[in-house]
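**Student:** Please find one structure pasted underneath; my questions will follow.
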Amino acid sequence: MKRDGMERVNRWVVFALIAAVVIAARLLHSHVLWADDNLPLAAAMQVARGKILYKEVWFDKPPLVAWIDLLCGARAGVLLRLMGAAYVILAAAAAYLASRLKWSEREGLLAAIFTAFFLTFGLPSAVIPVASDLLLILPHFAAIYFAWRGRAFLSGVMCGIGLLCSSKAIFVLLACLLWQWRSAPTLFAGFAAPNAIALLWMWTQGSAGDYYRQAWQWGSIYAANTFVDDPVVEGLKRTANFCGFQAALVAGAILALRQKMEWRLIAWIAFSFASVILGLRFFPRYYFLLLPPLVVIAARGWACDFRGPIRPLLFIALLGIPAARFAPPYFTLARSRDLAIDRDSKQAARELDRRARPGDTLFVWGFRPDIFIDSGLPAGTRFLESQPISGVLADRHLFSTQEIAPSFTAPNRAELARSRPSWVVDGLGILNPPLALARQPYLAGWFAQYEEAGRTKFSILYRLR
């Protein structure tokens with residue numbers, strides 16, 4: 001009884017500390033928007049105005065990525081960051097439950113700490129936005145938890161919810177199948193259930209076909225067209241960086257697997273790493289799918305034997321690597337070069353606010369959906385950015401003019417040419433002049449309706465004549 005009481009006290013203390021650190025860290029970002037914040041939040045703003053996702057708002061991600069921002073009123077600021085903090089705390093709780101079920105209370109608390117720590121002390125543009133890859137972490141932990149409990153249907157449901165966040169949930173389903181292969185039909189039924197509900201709702205709204213075209217067809221085109229010249233070298237370099245900053249997880253996993261080599265745990269890591277390779281881009285956020293297996297296994301490794309001074313010192317030193325690298329930027333955000341475009345978007349939004357009249361609408365050229373967020377102007381087209389029109393992906397459009405999928409973008413160009421938004425902001429042309437809106441021949445007739453009305457450092461404002 002005394003031990004149970006101490007465990008409850010420790011649990012509350014750990015989660016209170018987790019909540020304090022996670023909330024404080026995210027509130028420091030309440031006045032900025034990172035690139036992965038922008039499109040989901042801008043899409044959610046249009047949905048909040050009564051538009052139908054996919055049918056009336058072009059969105060190339062699964063629906064929960066936009067719908068979740070409705071929980072904070074589809075607004076930037078404190079509520080958005082508190083929602084992000086709540087998500088990380090829930091992910092830490094799911095890590096705790098899975099690890100406690102697999103191992104014990106001690107491993108559960110370590111897993112919760114690891115989850116909150118590495119989703120705080122990481123690259124801000126990756127760990128702060130509640131975007132597609134981050135959103136998959138919670139259902140990933142939950143799916144594994146239910147698989148270990150022998151609840152195949154609920155495990156499948158969590159994987160299915162994950163698919164409404166990211167296509168990489170397929171790899172989570174494969175991992176759950178390692179433990180629930182005897183109940184595969186039940187697992188697959190659970191996986192299908194939330195997606196069937198979502199598709200039925202979209203079908204009633206007339207957006208199911210658009211969902212397939214935008215999130216899956218365009219998404220597969222994106223995945224098949226990497227900008228990385230040498231994916232092998234890039235993958236090795238990025239993976240080495242990940243292992244360096246997550247050295248505490250890597251070392252803990254090695255300690256655990258040295259003591260007991262469980263092939264299912266190794267396969268879980270392998271499936272998760274396969275999702276990182278998908279698309280051959282190796283962005284830091286792609287490594288999020290590796291966090292659940294490494295967190296759970298590393299918690300076991302560090303919890304097994306903590307006697308003597310060497311292992312605790314090593315543990316602290318390894319956690320100090322990401323803390324030393326990523327804690328200072330929380331306090332230097334105002335001077336961050338990474339936020340130069342965010343600051344310019346706010347300035348462009350102020351110019352629009354000063355000049356726009358009630359009922360005016362907006363289109364933004366380039367990947368600058370934050371201008372919709374900061375200005376509050378409704379979209380004058382389905383498109384919140386230019387990738388599906390120009391065919392030049394956002395991962396390269398600041399330095400390249402390489403177009404892809406002309407047959408896919410042609411109908412989108414025709415659709416834009418039929419629109420008449422009151423304002424057009426070219427947020428790309430100053431940064432990459434060959435991609436300036438005024439220099440796109442396929443939009444020349446449409447663009448002739450507009451005249452320049454103002455400029456900022458990185459943006460040109462055009463008004464309908």
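**Student:** Can you tell me, using C-alpha contacts under 8 Å and at least 6 residues apart, the relative contact order of region 414-461 as a whole percent?
**Tutor:** Computed value for region 414-461: 42 percent relative contact order.
**Student:** Quick one: Phe408, Phe383, Phe372, fewest Cβ neighbours within 10 Å first, how do they rank?
**Tutor:** Fewest to most other Cβ atoms nearby, the residues stand as Phe408, Phe383, Phe372.
**Student:** Can you give the FRET efficiency for Ala410 and Ala189, using 1/(1 + (r/R0)^6), R0 = 45 Å, r = Cβ-Cβ distance, to the nearest 0.05?
**Tutor:** That gives a FRET efficiency of 0.70.
**Student:** Oh, and also: Exposure proxy check: Tyr442, Tyr286 ranked by fewest other beta carbons within 10 Å?
**Tutor:** Lowest to highest Cβ neighbour count: Tyr442, Tyr286.
**Student:** Then there's this: Fully extended, how many nm does the chain gain between Arg149 and Arg455 (0.36 nm per residue separation, minus their Cα-Cα distance)?
**Tutor:** Gain on stretching Arg149 to Arg455: 104.3 nm.
**Student:** How far is it, in nm, from the label point at Ile170 to the one at Leu90 when both lie 7 Å from their Cα along the line to the Cβ?
**Tutor:** A separation of 2.6 nm, rounded to one decimal place.
**Student:** Would you mind checking which residues have amide H under 5 Å from Ala453's amide H? H placed 1.01 Å from N; only 5 or more apart, or other chain.
**Tutor:** The answer is Leu461, Tyr462, Arg463.
**Student:** Right, next: I need the Debye-formula profile for the chain: one equal scatterer per C-alpha, no solvent, reported as log10 I(q)/I(0) at q = 0.13 1/Å, two decimals.
**Tutor:** -1.23
**Student:** Further question: Roughly what angle does helix 184-205 make with the longest principal axis of the chain, taking Cα atoms, 0 to 90 degrees, to the nearest 10?
**Tutor:** 20
**Student:** While we're here: Modelling each spin label as a point 7 Å along the Cα-to-Cβ direction, I'd like the Ala340/Asp353 distance in nm, to one decimal.
**Tutor:** Calculated label separation equals 2.4 nm.
**Student:** Okay, moving on. Taking only Cα atoms, what is the 0 to 90° angle, nearest 10, from helix 169-180's long axis to the longest principal axis of the chain?
**Tutor:** With rounding to tens, the tilt is 20 degrees.
**Student:** Hey, with R₀ at 45 Å, roughly what FRET efficiency would Asn10 and Glu234 work out to, going by the Cβ-Cβ distance, to 0.05?
**Tutor:** That pair, Asn10 with Glu234, gives E of 0.60.
**Student:** A further question on this structure: Between His31 and Ala323, what is the label-to-label distance in nm when each label sits 7 Å out along the Cα-to-Cβ direction?
**Tutor:** Modelled inter-label distance: 2.7 nm.
**Student:** May I ask you to derive the FRET efficiency for Ile430 and Ala196 from their Cβ-Cβ distance with R0 = 45 Å, giving the value to the nearest 0.05?
**Tutor:** Step by step, r from the Cβ atoms, then E = 0.45.
**Student:** To continue, here is another question. Ignoring everything except DSSP H segments at least 4 long, calculate the 222 nm mean residue ellipticity for the chain; use -39,500 (n - 2.57) per segment, divide by total residues, nearest 500.
**Tutor:** -18500 deg cm²/dmol
**Student:** Hey, another quick one. Which ³J(HN,Hα) values in Hz, rounded to whole numbers, follow from the phi angles of region 18-33 under the Karplus curve 6.51 cos²θ - 1.76 cosθ + 1.60, where θ = phi - 60° and Gly and Pro get x?
**Tutor:** 4, 4, 4, 5, 5, 5, 4, 4, 6, 5, 5, 9, 5, 9, 10, 10
**Student:** Could you give me the ³J(HN,Hα) list for region 427-442, computed from phi with Karplus coefficients 6.51, -1.76, 1.60 and θ = phi - 60°, whole Hz, x at Gly and Pro?
**Tutor:** Listing the rounded values in order: x, 10, x, 5, 7, 9, x, x, 9, 4, 4, 5, 10, 9, x, 6 Hz.
**Student:** While we're looking at this one, here's another question. At 1.002 mPa s and 20 °C, plugging the Kirkwood radius over alpha-carbon pairs of region 23-134 into Stokes-Einstein gives what diffusion coefficient in µm²/s?
**Tutor:** For the chosen part, D equals 144 µm²/s.
**Student:** Within the P(r) computed for region 6-73, what percentage of the Cα pairs occupies the region above 21 Å?
**Tutor:** The answer is 45 percent, as a whole percent.
**Student:** Do you know the relative contact order of the chain, to the nearest whole percent, from alpha carbon pairs under 8 angstrom that are 6+ apart?
**Tutor:** Over the chain, the number comes to 15 percent.
**Student:** On to the next question. Give the residue list of trypsin sites (Lys or Arg not before Pro) in region 245-282 that are DSSP loop and have at most 16 other beta-carbon atoms within 10 angstrom.
**Tutor:** Answer in residue order: Lys260.
**Student:** For the chain, what is the number of Lys pairs with C-alpha distance below 17 angstrom, counting only pairs 8 or more positions apart or on separate chains?
**Tutor:** Close lysine pairs found across the chain: 4.
**Student:** Need the full-extension length gain, Met83 to Arg182, defined as separation in residues times 0.36 nm minus the C-alpha distance. One decimal, nm.
**Tutor:** 31.9 nm
**Student:** I've got another one for you. Please order Thr204, Thr456 by the number of other Cβ within 10 Å, starting at the fewest.
**Tutor:** Listed from fewest to most nearby Cβ atoms, that is Thr204, Thr456.
Any read-out appearing in this document is the output of simple, stated calculations on the displayed coordinates, not a laboratory observation. Quick caveat, the model's predicted, so the values are computed rather than measured. Methodologically, a virtual Cβ is constructed for each residue, glycine included, from the backbone with ideal geometry; neighbour enumeration extends over all protein chains shown.
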